[in-house]
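Structure record follows, encoded as structure tokens.
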Amino acid sequence: MSSSLEALNQWVNQVATHTEADQVMWCDGSNEENERLISLMLDSQELIELNQETHPGCYLHRSDPNDVARVEHLTFVCTQSQADAGPNNHWMDPDKAHALMDELFKGCMKGRTLYVVPYCMGPIDSPLARLGVELTDSPYVVANMRLMTRMGRSALSRIEKEGQFVRGVHSIGELDPDRRYIMHFPEELSIMSFGSGYGGNALLGKKCHALRIASYQAKNEGWLAEHMLIVGIENPQGEIRYVAAAFPSACGKTNLAMLIPPEAYRESGWKVWTVGDDICWLHPGDDGRLYAINPEAGFFGVAPGTSAGTNPNALAMLDQETIFTNVAVTEDGEPWWEGLDDRSPAADWQGRPFDPSQGPAAHPNSRFTVSMKRCPSYSKQAENPRGVPIDAIVFGGRRAHLTPLVMEAHDWTHGVLIGATMASETTAAATGAVGVIRRDPMAMKPFCGYHFADYWQHWLEVGGKLSRPPKIFQVNWFRRDNQGRFIWPGFGDNLRVLEWIVQRCHDEADAISTPVGYVPPADAINVSDLEEKPDLETLLGIETDAWLEEWMAIEGFLSEYGDRVPRALIHRLEGVKQALSDK
Ligand code: OXD
Ligand code: MN
């Protein structure tokens, strides 16, 4: 046995002993194994069979009503020094965190099976991919990890060859919100998660590994782990240009990743290819460009709002081999959620007869888990071990006013400053007041595994290594008029903006320089085939006074991160403020 397998075995035995698991099962990722687990979960009612005629291979999981979302207040980054975790993370001393978790895990798998889940984040043969092993007592987690990652035998043989892997231990415990913690130990490349079966807390390959731990690994190894979709834009000449884009939640990331071009664009040959919808690992290539892989193999998407109108590509993949979590069910046993169609469901997400006075039928954070390969716009390049070359990085947010439809940074440093200070208005999807401006740097606020200021410095350093860096843009699909109505149609029409973006990357489109960035002249955004012409003057306008106020607020925000904030960003901020004052 290789020494890496020996180390893995030793760790598995040690966890099995400590948790007093009844048995240990090594997962190979095969269909037979999956079928066995599904039938076990149907017996235990962890899964409910949906209509197998209309939805073959589709199942519903109803989670504990107390366990339906990520728990940021119970999520910790446990670095030796508190300063290294930064003000952007909850921190706990690693010794204290280990003691707490050891106590929780002691004997917690009595009567349960411990599943060993080896997985690979990224194409299995890619040098950019990284490995992990999750130990879990939840067969639901195993079934989801099989869809979301390259899981099983092939990952194990790569671990055997390479040795290094991220260690994750997970138990649903008693699903008690008072005994629930998601602990990250970046310096040890390990994760411990107790008391939750919910995706982001329990599928450790996703947010825990591919963002929090990977962002730390990436800093040490010279690359970036980002909360970004990856999309390929094919023009009528057949050239495909790749864009990576970061948006906070409820800003339409999955829809953008699976965008269907407007009819006139489709007719002239435009196509959009989906490489990823949530996470992107960016590596500098030998040719001075930045290459992206999607470390995931599936989508864990929000169901409500997904329809034939908003995201036909997503809908098309959800009638086979999909695990639904906390959606409602129709009389015929089909999955249903708000926004899907005008039917009325028979049972809500908790299995109760649907009664609109008890709230929505599907939980607002109900999800689908499905393999990426089922997506009609799935790009074969998602399997390319080298990744895809990125032309443009896009930062987006939801702002009723101020931020134009699209704007290009003057250069990499300015782009990093825009990303580091990006803001979005809160939506009804989150608790708290609606319409409040929150800064969410690079959409990584809940996911960066170390101090934000060091992360921004790392972004600057990665840019410094690129002779052909991507251009950086900011977009805002959510501008409103005086009556509060959206000015821009959004969805498929966002391709009109992406067209300008990719053309700018190849010096094929014009721009006007302003103190806050380059904006397109109104005639550079193609709306010729739109019946109702949006007000591009407003959408692309720059109001100097309001921007000056914005940059003052940004200055205050950056100061929360103290002395570690890179001087280059402060200088650039002062430059922008000066240029605005001189206007
Ligand atoms: C997600 C999230 O589930 O960002 O992707 O919360
Ligand atoms: Mn996400």
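The values are calculated or read from the model by the stated rules, or taken from the named source; none is laboratory data. From a predicted model like this one, the values you see are computed outputs, not experimental measurements. Cβ: placed from backbone, ideal geometry, glycine included. Neighbour counts: every protein chain shown.
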Search result, residues across region 121-167 that are assigned to a helix (DSSP H, G or I), among the aliphatic types (A, V, I, L, M) and either farther than 18 Å from Trp281 by Cβ or within 19 Å of the chain's Cα centre (by Cα) (or both):
Val141, Val142, Ala143, Met145, Leu147, Met148, Leu156, Ile159
In region 434-493, the residues that are farther than 25 Å from Glu560 by Cβ and either within 16 Å of ligand 2 (Cβ to nearest atom) or in contact with a Leu (Cβ under 8 Å, 6 or more places away or on another chain) (or both):
Leu466, Pro469, Pro470, Val475, Trp477, Arg479, Ile487, Trp488, Pro489, Phe491, Gly492, Asp493
Does Leu114 count as more than 28 Å from Gly351 (Cβ to Cβ) and buried (at least 20 other Cβ atoms within 10 Å of the Cβ)?
yes
Out of curiosity, is Ile293 away from ligand 1 (no atom under 16 Å from the Cβ), modelled with pLDDT of 95 or more and more than 30 Å from Asn526 (Cβ to Cβ)?
yes
Six or more apart or on different chains, Cβ under 6 Å: which pairs go from a residue in region 113-142 that's under 21 Å from Ala7 (Cβ atoms) to one that's part of a loop (DSSP other than H, G, I, E, B) and of a type in the set (Val, Ile, Thr)? Could you list them?
Tyr119/Thr149
Pull up region 308-343, narrow it to residues that are at pLDDT 95 or above and of a type in the set (Ser, Thr, Tyr), then point me to the one that is surrounded by the fewest Cβ atoms within 10 Å (Cβ to Cβ).
Thr330
Being over 23 Å from the mean Cα position of the chain (by Cα) and not in a loop (DSSP other than H, G, I, E, B) is the filter here; which residues of region 52-83 pass it?
Tyr59, Gln82, Ala83
Of Gly200, Gly205, the only residue that is of a type outside the set (A, V, I, L, M) and surrounded by 24 or more Cβ atoms within 10 Å (Cβ to Cβ) is Gly205
Selected residue (criterion: farthest from Leu530 (Cα to Cα)) from residues of region 258-303 that are of a type in the set (Val, Ile, Thr) and within 16 Å of ligand 2 (Cβ to nearest atom):
Ile279
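Has region 102-118 got any residue that is within 25 Å of the chain's Cα centre (by Cα) and part of a loop (DSSP other than H, G, I, E, B)? Write out each step before concluding.
Our first condition is that a residue be within 25 Å of the chain's Cα centre (by Cα); within region 102-118, this holds for 116-118.
Imposing the further condition that a residue be part of a loop (DSSP other than H, G, I, E, B) reduces the set to none.
No, every residue in region 102-118 fails to be within 25 Å of the chain's Cα centre (by Cα) and part of a loop (DSSP other than H, G, I, E, B).
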Those residues of region 187-201 which are assigned to a helix (DSSP H, G or I) and within 15 Å of ligand 2 (Cβ to nearest atom) amount to Gly199, Gly200, Asn201
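Among the residues of region 413-431, is any in a loop (DSSP other than H, G, I, E, B), closer than 29 Å to His73 by Cα and touching a His at 6+ places or on another chain (Cβ under 8 Å)?
Of all residues in region 413-431, those in a loop (DSSP other than H, G, I, E, B) come to 421-422, 426-431.
From what's left, closer than 29 Å to His73 by Cα: 421-422, 426-431.
Now drop any that are not touching a His at 6+ places or on another chain (Cβ under 8 Å), which leaves none.
So far as region 413-431 goes, no, none of its residues is in a loop (DSSP other than H, G, I, E, B), closer than 29 Å to His73 by Cα and touching a His at 6+ places or on another chain (Cβ under 8 Å).
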Restricting attention to region 119-127, does a residue exist that is closer than 23 Å to Ala218 by Cβ and within 16 Å of ligand 1 (Cβ to nearest atom)?
yes
Looking at region 287-304, is at least one residue among the charged types (D, E, K, R), surrounded by 20 or more Cβ atoms within 10 Å (Cβ to Cβ) and over 23 Å from His458 (Cα atoms)?
yes
Listed by first then second residue, the pairs whose first member lies in region 64-93 and is surrounded by fewer than 15 Cβ atoms within 10 Å (Cβ to Cβ), whose partner is of a type in the set (Ser, Thr, Tyr) and in a loop (DSSP other than H, G, I, E, B), with beta carbons under 8 Å and at least 6 positions apart or on separate chains, are Pro87/Tyr561
Only residues in region 248-260 that are in contact (Cβ under 8 Å) with a residue 12 or more places away in the chain and under 23 Å from Gly435 (Cβ atoms) count as the first member; pair them with residues that are near ligand 1 (Cβ under 10 Å from one of its atoms) and in a helix (DSSP H, G or I), Cβ under 8 angstrom, at least 6 apart or cross-chain, and list the lot.
Pro248/Ala443
Filter region 248-261 down to the residues that are among the small types (Gly, Ala, Ser) and part of a loop (DSSP other than H, G, I, E, B), then identify the one that is surrounded by the most Cβ atoms within 10 Å (Cβ to Cβ).
Gly252
Could you run through region 190-205 and say how many residues are more than 23 Å from Arg130 (Cβ to Cβ) and more than 14 Å from ligand 1 (Cβ to nearest atom)?
3
Does Tyr181 satisfy the condition of being touching a Pro at 6+ places or on another chain (Cβ under 6 Å) and either buried (at least 24 other Cβ atoms within 10 Å of the Cβ) or at pLDDT 95 or above (or both)?
no
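For region 469-583, list the strands (runs of 3 or more DSSP E) that sit wholly inside it and hold at least 3 residues that are touching a residue at least 40 places away in the same chain (Cβ under 8 Å); which are they? Outline the logic, then answer.
Values: elements: 471-475, 512-514, 517-519.
It comes to 471-475, 517-519.
Listed here are the residues, each with its yes/no results for (1) under 19 Å from Ala245 (Cα atoms); (2) within 16 Å of ligand 2 (Cβ to nearest atom); (3) not in a strand (DSSP E or B).
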site: Ala316; (1), (2), (3): no, no, yes
site: Gln320; (1), (2), (3): no, no, yes
site: Leu340; (1), (2), (3): no, no, yes
site: Asn365; (1), (2), (3): no, yes, yes
site: Val394; (1), (2), (3): yes, yes, no
site: Arg398; (1), (2), (3): yes, yes, yes
Specify which of the listed residues (Leu256, Leu282) is away from ligand 1 (no atom under 16 Å from the Cβ) and not hydroxyl-bearing (Ser, Thr, Tyr).
Leu282
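Criterion first (under 28 Å from Met92 (Cα atoms), at pLDDT 95 or above, polar (S, T, N, Q) and away from ligand 1 (no atom under 14 Å from the Cβ)) does Gln217 satisfy it?
On the way: under 28 Å from Met92 (Cα atoms): yes; at pLDDT 95 or above: yes; polar (S, T, N, Q): yes; away from ligand 1 (no atom under 14 Å from the Cβ): yes.
When the stated conditions are applied, Gln217 passes them.
I want to confirm something. Restricting to region 24-49 and keeping residues that are in contact with a strand residue (DSSP E or B) (Cβ under 8 Å, 6 or more places away or on another chain) and within 27 Å of Glu162 (Cα to Cα), which single residue is surrounded by the most Cβ atoms within 10 Å (Cβ to Cβ)?
Initial filter on region 24-49 (in contact with a strand residue (DSSP E or B) (Cβ under 8 Å, 6 or more places away or on another chain)): 24-27, 29, 38, 41-42, 46-49.
Next, from what is left, pick out any that are within 27 Å of Glu162 (Cα to Cα): 24-27, 29.
Numbers: Val24: 15, Met25: 16, Trp26: 17, Cys27: 26, Gly29: 20.
Restricting to residues being in contact with a strand residue (DSSP E or B) (Cβ under 8 Å, 6 or more places away or on another chain) and within 27 Å of Glu162 (Cα to Cα), the top hit is Cys27.
A quick yes/no check of all residues on (1) within 19 Å of Ile570 (Cβ to Cβ); (2) among the hydrophobic types (A, V, I, L, M, F, W, C); (3) more than 16 Å from ligand 1 (Cβ to nearest atom); (4) at pLDDT 95 or above:
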| residue | (1), (2), (3), (4) |
| --- | --- |
| Ala382 | no, yes, yes, yes |
| Asp391 | no, no, yes, yes |
| Ile418 | yes, yes, yes, yes |
| Thr421 | yes, no, yes, yes |
| Glu425 | no, no, yes, no |
| Met444 | no, yes, no, yes |
| Gly464 | yes, no, yes, yes |
Of all the residues that make up region 214-247, how many are more than 26 Å from His184 (Cα to Cα), away from ligand 2 (no atom under 16 Å from the Cβ) and not in a loop (DSSP other than H, G, I, E, B)?
7
